[in-house]
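Structure, as structure tokens:
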Amino acid sequence: MKIGFDAKRAFNNATGLGNYSRSIIQSLSENNKHHDIYLFTPTKNSSLFNPDLENIQIITPKKGINKKIWRFKTIKSDLKKLDIDIFHGLSNEIPIGIQTKTVVTIHDLLFLKYPHFYNFFDRMIYKYKSKMACQKADKIIAISKQTKDDIIKYYNINPEKIHVIYQSCHKDFINRKTEDEIEESIQKELKAPYFLYVGSIEKRKNLIFLLQALKQTKNMRLICVGYKTEYYKKVWNFIIKNNLKTKVSFLDIKKPNILSILYQKSRGLIYPSIDEGFGIPIIEAMYSQVPVIISDQNVFQEIGGKDAYYFKKNNIESLIQQMEKTWSNSTERNNRIQKNFEYVQNFNEKKQSNEIMNIYNTLLQ
């Protein structure tokens with residue numbers, strides 16, 4: 001079988017869609033070495049992704065061809081020349097007018113559910129590409145039941161066309177390390193107990209809500225790791241105004257092995273996001289064997305299982321209660337950590353790879 005992937009995100013995105021793309025490509029190629037894998041990308045970044053398996057070929061547009069137009073439209077001729085059997089769009093889109101059998105992964109439709117978090121032009125582009133992909137693809141992979149429900153609701157897609165396949169996380173969170181080379185400045189931050197926040201610093205992730213809860217606690221600290229958007233200015237102003245500088249730290253962590261250690265040494269992950277298509281920090285924390293504090297949104301209950309610590313959405317007192325439960329050691333805390341660790345084994349690359357290959361094989365029967 002010749003499998004083509006839209007690999008733009010794998011080569012160019014350090015987190016999020018990039019992590020998902022690299023996970024799919026690596027697990028499928030490693031577990032199915034008798035198949036030929038073709039990675040279609042307008043640009044390469046070998047420092048971010050450098051697959052070296054014999055069954056992988058990287059395809060880029062020829063010199064002089066517009067890279068954006070190639071990825072969205074003229075890539076069809078390359079797929080035909082290479083006789084690709086399956087083309088998988090890994091990030092909410094597929095080429096227009098594609099004739100090859102196609103699969104698309106839809107991560108979320110949050111731009112439709114929460115339009116106020118996105119600018120008008122981005123919303124229009126996201127809607128056009130994702131709707132067209134859902135309508136034209138032969139099969140759709142949704143990364144959660146919540147995302148599947150949203151695809152049906154907003155795009156009126158036949159549920160039988162949509163398959164829920166959960167993703168995994170980076171192997172450094174699964175193959176946990178207890179020691180590594182950490183900069184001295186980071187080591188100092190880890191000496192005192194802390195909660196961990198992981199995610200972009202943007203409005204939808206709801207960090208100020210968490211800081212409002214932190215303000216009402218006495219001895220708790222918070223370390224934040226994530227890309228800073230314009231929203232960070234509002235976050236920082238809140239910290240200054242409420243004298244929280246000694247209680248909140250922001251660390252720039254790029255390597256997953258270092259982030260894994262931050263998880264392990266924390267008192268737990270607090271994930272206050274308003275909504276997600278999945279919420280990968282949840283399973284990173286469970287693999288790291290620390291408590292997970294999340295809101296009682298359906299998607300978080302789906303990913304977090306029954307033993308995460310849930311607070312009522314937008315209820316600060318409820319969040320503070322869960323923070324107090326997890327700050328100190330207890331038998332209940334340890335039991336929940338162990339049950340979460342057993343539960344998170346359902347989110348693994350081998351299972352993900354097998355389920356995706358089943359979809360490919362069904363399409364070619």
(message) Need pairs with beta-carbon distance below 7 Å; first residue assigned by TED's automatic domain parsing to the domain that holds Asp85 and more than 14 Å from Ile86 (Cα to Cα) and within segment 29-46, second among the hydroxyl-bearing types (Ser, Thr, Tyr) and modelled with pLDDT of 85 or more; sequence gap 6+ or separate chains.
(response) Asn31/Ser353; Thr41/Thr60; Pro42/Thr60; Lys44/Thr60
(message) Here are the criteria: (1) within 17 Å of Ser266 (Cα to Cα); (2) in contact with a Gly (Cβ under 7 Å, 6 or more places away or on another chain). Tell me which single one Thr147 does not satisfy.
(response) (1)
(message) Among the numbered criteria (1) buried (at least 20 other Cβ atoms within 10 Å of the Cβ); (2) in contact with a strand residue (DSSP E or B) (Cβ under 9 Å, 6 or more places away or on another chain), which one does Lys2 miss?
(response) (1)
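Out of everything in segment 50-69 that is among the hydrophobic types (A, V, I, L, M, F, W, C) and out of contact with any strand residue (DSSP E or B) (no Cβ under 9 Å at 6 or more places or on another chain), what residue ends up being surrounded by the most Cβ atoms within 10 Å (Cβ to Cβ)? Spell out the reasoning first.
Taking segment 50-69 first, the residues among the hydrophobic types (A, V, I, L, M, F, W, C) are 53, 56, 58-59, 65, 69.
Now restrict to residues that are out of contact with any strand residue (DSSP E or B) (no Cβ under 9 Å at 6 or more places or on another chain): 65, 69.
Working: Ile65: 14, Ile69: 12.
That would be Ile65.
Taking the stated definitions as given, is Ser21 among the polar types (S, T, N, Q), in contact (Cβ under 8 Å) with a residue 60 or more places away in the chain, assigned by TED's automatic domain parsing to the domain that holds Tyr126 and farther than 18 Å from Lys171 by Cβ?
Values: among the polar types (S, T, N, Q): yes; in contact (Cβ under 8 Å) with a residue 60 or more places away in the chain: yes; assigned by TED's automatic domain parsing to the domain that holds Tyr126: yes; farther than 18 Å from Lys171 by Cβ: no.
In short, no.
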(request) Go through (1) out of contact with any helix residue (DSSP H, G or I) (no Cβ under 9 Å at 6 or more places or on another chain); (2) among the charged types (D, E, K, R); (3) within 30 Å of Lys255 (Cβ to Cβ) and name the single condition Lys81 misses. (result) (3)
(request) Go through (1) over 20 Å from the mean Cα position of the chain (by Cα); (2) crowded, with 19+ Cβ neighbours inside 10 Å; (3) not polar (S, T, N, Q) and name the single condition Asp108 misses. (result) (1)
(request) Take segment 177-234 and flag every residue that is closer than 26 Å to Pro115 by Cα, out of contact with any Phe, Trp or Tyr (no Cβ under 9 Å at 6 or more places or on another chain) and acidic (Asp, Glu). (result) Glu230
(message) Going by what's in this entry, would Lys62 be described as in contact with a helix residue (DSSP H, G or I) (Cβ under 9 Å, 6 or more places away or on another chain), over 24 Å from Cys169 (Cα atoms), charged (D, E, K, R) and modelled with pLDDT under 90?
(response) yes
(message) Just the residues that are hydrophobic (A, V, I, L, M, F, W, C) and either surrounded by fewer than 16 Cβ atoms within 10 Å (Cβ to Cβ) or under 19 Å from Tyr287 (Cα atoms) (or both), please, taken from segment 245-265.
(response) Ile253, Ile258, Leu259, Ile261, Leu262
(request) Check segment 348-365 and report whether any residue there is over 16 Å from Gln167 (Cβ atoms) and under 22 Å from the mean Cα position of the chain (by Cα). (result) no
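The values are calculated or read from the model by the stated rules, or taken from the named source; none is laboratory data. Please read all numbers here as calculations on a predicted model, not as lab measurements. FYI the Cβ positions are ideal-geometry reconstructions off the backbone, even for glycines, and counts take in every protein chain you see.
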